[in-house]
1. Multiplying the sequence separation of residue 50 and residue 18 by 0.36 nm and subtracting their Cα-Cα distance, what value in nm do you get?
2. Starting from the Cα-Cα distance between residue 6 and residue 30, subtract it from 0.36 nm times their residue separation and give me the gain in nm to one decimal.
């Protein structure tokens, strides 16, 4: 396997709400047991961060919205964050 031999495997995990973030954290923990050198990055919250995910976008700050007015007000920042994370 080339990833493990020359450079660490980088895995994107994206979770925008509480239940998917819980599953994301469990996935990171399970994969880390199988691939200890893997690096995890993505969109999530506190649980994923505690599991070892480098948060590119913190869902608690940028994605937690209720109602159409909050969605519209946070759309420009979400678009900027999305564009900057795709360049990394």
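Coordinate-derived values only; no laboratory data. Being a predicted model, the structure only gives us computed values, none of them experimental.
1. 10.1 nm
2. 6.4 nm
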